[in-house]
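Structure first, commentary second.
The values are calculated or read from the model by the stated rules, or taken from the named source; none is laboratory data. None of the values given here were measured: they were computed from a predicted structure. Backbone-built Cβ (ideal geometry, glycine too); neighbour counts: all protein chains shown.
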Amino acid sequence: MLLHQQFVRMAKKHARKTAIIDKTTGKTVTYSRCLIGALILSSKFNKYDKGFIGIMIPTSAGCVLAKIGVLMSGRIPVMINYSTGAESNAKYAQKKCKFNTIITSKALLEKINCPLIDGMVLIEDIMKSVTTCDKLKAALKTKLPVSMILNSIHKGDENDTAAILFTSGSEKDPKAVQLTHHNIASNIENFGAYVKISESDILLANLVYYHVFGLTVNLWVSLYYGMTMVTYANPLDFQTICNIAREEKPTIMVGTPSFFWGYLHKSAPRDFKTLRLIVAGADKCPDALREGYMKKHGVTLLEGYGATETSPVISVNSLEFNRPGSTGKVLPNVHVRIENLETGEECATREVGRILVKGDSVMKGYYDDPELNAEALVDGWYNTGDMGFFDEDNYLWHAGRFKRFAKVGGEMISLVKVENILEKFLPVGVSCCVVEVSDEKKGSYIVATVSKEVHKTEVLRKMLNELPIIALPRQFIVINELPMMSTGKIDFRSVTKMVQEILRTSGL
């Protein structure tokens, strides 16, 4: 299934239906108008080099149409992160994937203070070049039968790359992940069937499209099923998101726990009451957050798990099968193996091991990086770099990144588990991140960073009831603003560097 072709089918089927309610620009666009817009942009993109085209546009109707138009023109969209170092990210993408053209927005560049670099083309200039003839030609084409429209745009193969996405780079330089049409489409179908998505759903789409969570679950899920999506460019504008949820009455929303905390604090009771499916991913979901949504809005906040390399959903809780604390059951047609780190054998129930994933949603590979591919993909199994286990009922539990396990006193300690325990005893509104510090003389030990001063002795006393002494933080360091990534995760890599610098300069 080619994604842009599926969009054409839905656009013809639901021509008069609202496809996008763009809350940033105030525009509402029908499927018919979307098809016209995508065809116009496709014709404009034909003059650029074949191969890759960068897209650096905020979540909006314009970004959706640019993405479709690029695929229709037979080119491959490279989605560029503009929230953290837009200029360096754009240049990194150009160099890594060997291309020049980047479609971006003048309004965005001005807002984020990013200069116009070589190869950038402004979407505003492209739209100014659209003539009445262009509009008429595209409009007439939309009146043709589906088969004729499909014959007039790029055909290709389902195993062609549908997008290049960059990993967060939280542990090393970003990797260029190649996701095919088949990867994304199979993930949409498996996820959609499991949680029972239909064309009548309304999706609140406020995640960025340069991350896989936003690209698949916000953009393509909606278009694939012929749904209505409500877009807004800034997921951190908590109050506006709450207003949108109350006014537009969405039925589906996904996001990160840090975003959901913001919405919970800013929302009025029942603002999110119309949501039948609300899923948190990309980071662990605290019990207090789940309880907050049930108490304030009467909705069940579900937790899921995925990765950029798996398009992304691997497992998810549903209303029918929900075990809070777990990441749910593995999607149909996705295979997960928990492997013992030392023996390579499959782990027993509740035995923590390396999470491997196999299935149609697993990426084609990292672009131009054979060494990384050989390391990450073995016999079709993708090594997530995560640790976890299955319980007796086949719910998958995430135990943290392999790199977030510390060896203290000869024991492997899950830093994520320490964080989970610590969070339970912190005052409301206090964030934390637990890191390992290496010391040649004293050996490795654990340090807890918190966003506000806390009563350390009291917290440690409570933690001792659930953790061995060896796993308790030796020190607490206050970092008022814990660095965040654009996904809403705490930037573990940056926190570790900050802690190392603080300890070095203080002589501790």
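Of the residues making up the stretch 319-328, those that are part of a strand (DSSP E or B) and either touching a strand residue (DSSP E or B) at 6+ places or on another chain (Cβ under 6 Å) or under 27 Å from Tyr209 (Cβ atoms) (or both) number 1.
Residue count for the stretch 440-466 satisfying the condition of being more than 27 Å from Val352 (Cα to Cα) and part of a loop (DSSP other than H, G, I, E, B): 8. Residues that are outside the structural domain of Ala282 (by TED's automatic domain parsing), under 24 Å from the mean Cα position of the chain (by Cα), crowded, with 20+ Cβ neighbours inside 10 Å and of a type in the set (D, E, K, R) do not occur anywhere in the stretch 394-401. Residues of the stretch 48-102 that are in contact with a His (Cβ under 9 Å, 6 or more places away or on another chain) and more than 27 Å from Ser152 (Cα to Cα): Asn81 alone. When the criteria are applied in full, Pro250 meets the requirement of being assigned to a loop (DSSP other than H, G, I, E, B) and surrounded by 18 or more Cβ atoms within 10 Å (Cβ to Cβ). Restricting the stretch 326-348 to residues that are at pLDDT 95 or above and among the small types (Gly, Ala, Ser), the residue that is farthest from the chain's Cα centre (by Cα) is Ala348.
Looking at the stretch 487-504, which of the residues that are polar (S, T, N, Q) and surrounded by 17 or more Cβ atoms within 10 Å (Cβ to Cβ) is modelled with the lowest pLDDT? Let's see the steps before the verdict.
In the first step, residues of the stretch 487-504 are kept if they are polar (S, T, N, Q); the result is 487, 494, 496, 500.
Then keep just the ones that are surrounded by 17 or more Cβ atoms within 10 Å (Cβ to Cβ); that gives 487, 496.
Details: Thr487: 66, Thr496: 88.
For the stretch 487-504, the residue satisfying everything is Thr487.
Residues in the stretch 166-191 that are over 23 Å from His335 (Cα atoms) and crowded, with 16+ Cβ neighbours inside 10 Å: Phe166, Ser168, Gly169, Ser170, Pro174, Lys175, Ala176. Consider the stretch 276-318. How many of its residues are touching a Lys or Arg at 6+ places or on another chain (Cβ under 9 Å), more than 18 Å from Arg246 (Cα to Cα) and not in a helix (DSSP H, G or I)? Total satisfying the criteria: 10.
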